[in-house]
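The values are calculated or read from the model by the stated rules, or taken from the named source; none is laboratory data. Since this is a predicted model, take the numbers as computed values, not measurements. Using ideal geometry, Cβ is built from the backbone for each residue, glycine included, and neighbour counts are taken over all protein chains shown.
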Amino acid sequence: MFKRFLSYYGPVKGLFIADTVCALVLAGIDLAFPSILRSLTNGLFTQGSAAILGALGYIAAGLIGLYALRCACRYFVSAQGHIMGARMESRMREDLFDQYERFSFAYFDAHNSGDMMSRVVNDLFDICEAAHHVPEWIIICGIEIIGAFAILFTISPVLASAMAAITAVFVVIMVRQNLRMRAVFADNRRRISDVNARLQDSLAGMRVVKSFANERTERAKFRVSNDRYLDSKVAQYHVMGRYQATSALMTGVLYVTIVVLGGYLVAAGQMTAVDMATFALYITLFATPIETLVNSTENFQKAAAGFRRMDEVLRTAPDIQDKPDARPLEVREGAIEYRDVCFSYPDTEVGEGGTAPESPVIDHMNLSIRPGETIALVGPSGGGKSTTCSLLPRFYDVASGSIRIDGQDVRDVTQESLRRAIGLVQQDVYLFDGTLRDNIAYGRPGASDAEIEDAARKANIHDFIASLPEGYDTVVGERGSRLSGGQKQRVAIARVFLKDPAILILDEATSALDNESEEAVQESLERLAADRTTIIIAHRLSTIKNADEIATVERGRVVERGTHEELLVRGGTYARYYRMQFEGARARDVR
Ligand code: ADP
């Protein structure tokens, strides 16, 4: 894991080296200053004030130069160091995003989007704060500690050794405290993830929350997550406080030692008063970097907790990948064949790779669809119709058997070509927060305005768009909140017209619409389905009567298949369904 972390320094190594050099210079200057002061004071006593006055100009010029250099280095370390961290963070963010884009639906079924966002936002910030501060601190502090000790040792080996011994004891205590921090930070990461997850869930579902007037319940649920996060922060600050107190105690003990032991050594004539004062000056140079180093382990722990979570995502191999020899799908006619297909969803309760439920969702399904044919899947809810459709674009992979398009197994072709060949219109339309033009153009990025308009006309939405003051430039709001269900659906259909796929899946595309919207949508759907191999799932049987064939799917199998008339005559499941809906409708009409 550490190696993978180091790899992020690669592209910023120029900055890293410059940052390191500046950190070295900074440490050197800080280290030199008390020594210069010591020489000056000693000179004052030994050579007299006249000599000192003569040299003062040079000394001042030297010091000013040194401090100017120190300022420049401080600026570089502070600005460029952070910029380096930001660049690393940006690359990690891209890597994470790319990885999320690679995952299949099974991953998103099992993971919460708030948690995913937390990894991209909070975790990465911590990682990159540490990425530039920790090496810089190690260099600056390391040099200051070693340098200060060496200088102090030459002044008084006895006092310096006493200080080193005291410091060593405290470092051991602090490192032990620090190890305890790791668990606290890991807990912290999880808790903030939970808060983000709750927030995301509640905001995304705000319409449902409000429609059920459940704001209070939502607030209560959010408060639980938020309080847990607070508890975890409180625990974190307790540990951190103890830690800081220990390091403050160390400084105190060091000062007392200098005063008592140093005073004794001066009294015994083994050290001068100036040397003792120099010791006091170096104490800050000795103790502060130790505190900083110890504190940096706290940053490091935080970053390690974050990086571990990021690495976990990066190391998860996407379960659906192109084969190395995958070729683009060649759609010649658009024939589809499901051959003895079995499939079960991973048991998300158990976690990834958990055991499969006992009965498969798709159970030895066989279904062949002729080129250009429109086939309707009907059957009880939960029977596996949507799942059947999700397997075709490889949103999930079959457990056994195969699905072929014009004889090519969908697992042998590239996912991109496969998904470009399949158009999907679902009940739930997702529009991106942008203009109507952008949303339609999503079907084929780079499409011209004329093509976009043509697609909108075919989808029966052009007239509506043209009537808006801003036309195609109208912003649809988050998830298309400013459009009605039927309008959103027609934008989604325009998208698919523009994509112009050979194969079409209509998954309950009109189920959520009222009768009037349904009619307009239905008409454009029929236009869309013409000349394409189409699979329709619909609850309202009236919408699928015109399908070439109907297949009833029950418990993951096709149990009967034929035209509407054939199935009615056969008197099986479909006929029963049809009668139920038809009689239901008639009963409503009578009322
Ligand atoms: P239908 O479209 O016929 O209503 P589905 O294909 O949606 O049926 O669902 C078939 C079964 O698979 C149901 O038992 C459903 O609970 C389950 N299921 C559907 N989607 C998922 C999913 N993403 N994760 C786990 N189980 C699922």
Got at least one residue in segment 506-526 being at pLDDT 80 or above, in a loop (DSSP other than H, G, I, E, B), away from the ligand (no atom under 16 Å from the Cβ) and among the aliphatic types (A, V, I, L, M)?
no
Can you run down the residue pairs with Cβ atoms below 6 Å, 6 or more apart or on separate chains, where the first is in segment 360-386 and in the same structural domain as G401 (by TED's automatic domain parsing) and part of a loop (DSSP other than H, G, I, E, B) and the partner is of a type in the set (A, V, I, L, M) and within 16 Å of the ligand (Cβ to nearest atom)?
G379/V553; G383/V553; G384/V361; G384/I362; G384/V553
Would you check if L293 is in a helix (DSSP H, G or I), surrounded by 16 or more Cβ atoms within 10 Å (Cβ to Cβ) and modelled with pLDDT under 80?
no
Condition set out of contact with any Lys or Arg (no Cβ under 9 Å at 6 or more places or on another chain) and basic (K, R), scope segment 368-426, selection farthest from the ligand (Cβ to nearest atom): answer is R370
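Being surrounded by fewer than 17 Cβ atoms within 10 Å (Cβ to Cβ), β-branched (V, I, T) and out of contact with any Lys or Arg (no Cβ under 7 Å at 6 or more places or on another chain) is true for just one of V134, V77. Which residue is that? Even if it seems obvious, please write down each step before you answer.
On the way: V77 fails: surrounded by fewer than 17 Cβ atoms within 10 Å (Cβ to Cβ).
Every option except V134 fails the conditions.
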Surrounded by 13 or more Cβ atoms within 10 Å (Cβ to Cβ), in contact (Cβ under 8 Å) with a residue 12 or more places away in the chain and polar (S, T, N, Q): is that true of N214 in this structure?
no
Tabulated pairs, segment 434-445, first crowded, with 22+ Cβ neighbours inside 10 Å, second of a type in the set (S, T, Y), C-beta under 7 angstrom, 6+ apart or interchain:
L436/Y472; L436/T474
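List the helices (runs of 4 or more DSSP H) that sit entirely inside segment 147-257 and contain at least 3 residues that are closer than 30 Å to F125 by Cβ and among the polar types (S, T, N, Q).
On the way: elements: 157-204, 206-211, 215-257.
So the answer is 157-204, 215-257.
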Within segment 553-571, can one find any residue that is at pLDDT below 85, surrounded by 19 or more Cβ atoms within 10 Å (Cβ to Cβ) and either assigned by TED's automatic domain parsing to the domain that holds T387 or in a loop (DSSP other than H, G, I, E, B) (or both)?
no
Mind checking which residues of segment 564-581 are out of contact with any helix residue (DSSP H, G or I) (no Cβ under 7 Å at 6 or more places or on another chain) and either farther than 23 Å from V341 by Cα or among the acidic types (D, E) (or both)?
H564, E565, E566, V569, R570, G571, G572, R576, R579, M580
Determine if segment 268-285 includes at least one residue that is in the same structural domain as W137 (by TED's automatic domain parsing) and over 30 Å from D30 (Cβ atoms).
yes
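Would you point out the residue of segment 336-367, among those that are more than 14 Å from the ligand (Cβ to nearest atom) and modelled with pLDDT of 90 or more, that is nearest to D507 (Cα to Cα)?
Only one residue fits best here, namely I336.
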Per the filter on segment 448-457, residues closer than 21 Å to A421 by Cβ and surrounded by fewer than 18 Cβ atoms within 10 Å (Cβ to Cβ) are E451, D454
Of everything in segment 527-551, what is within 20 Å of Q427 (Cβ to Cβ), outside any loop (DSSP other than H, G, I, E, B) and not small (G, A, S)? Give them in sequence order.
R527, L528, T534, I535, I536, I537, L541, T543, I544, I550
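Let me confirm something: among N112, N122, which residue is assigned by TED's automatic domain parsing to the domain that holds K302, more than 16 Å from the ligand (Cβ to nearest atom), among the polar types (S, T, N, Q) and out of contact with any His (no Cβ under 9 Å at 6 or more places or on another chain)? So that I can check it myself, show each step before the final result.
Details: N112 fails: more than 16 Å from the ligand (Cβ to nearest atom).
Going through N112, N122 in turn, the sole match is N122.
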Return the residues of segment 33-54 that are within 21 Å of L281 (Cβ to Cβ), small (G, A, S) and free of Cβ contacts under 8 Å to residues at least 24 places away in the same chain; say none if nothing qualifies.
S39, G43
When every residue in segment 467-487 that is farther than 16 Å from R207 by Cβ and acidic (D, E) is compared, the one nearest to the chain's Cα centre (by Cα) is D473
The one condition R38 fails out of (1) touching a helix residue (DSSP H, G or I) at 6+ places or on another chain (Cβ under 7 Å); (2) over 30 Å from A273 (Cα atoms); (3) modelled with pLDDT under 85 is (2)
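Do we have T251 as modelled with pLDDT under 85, among the β-branched types (V, I, T), buried (at least 17 other Cβ atoms within 10 Å of the Cβ) and more than 28 Å from M92 (Cα to Cα) here? Reasoning before the result, please.
On the way: modelled with pLDDT under 85: yes; among the β-branched types (V, I, T): yes; buried (at least 17 other Cβ atoms within 10 Å of the Cβ): yes; more than 28 Å from M92 (Cα to Cα): yes.
So T251 passes the test.
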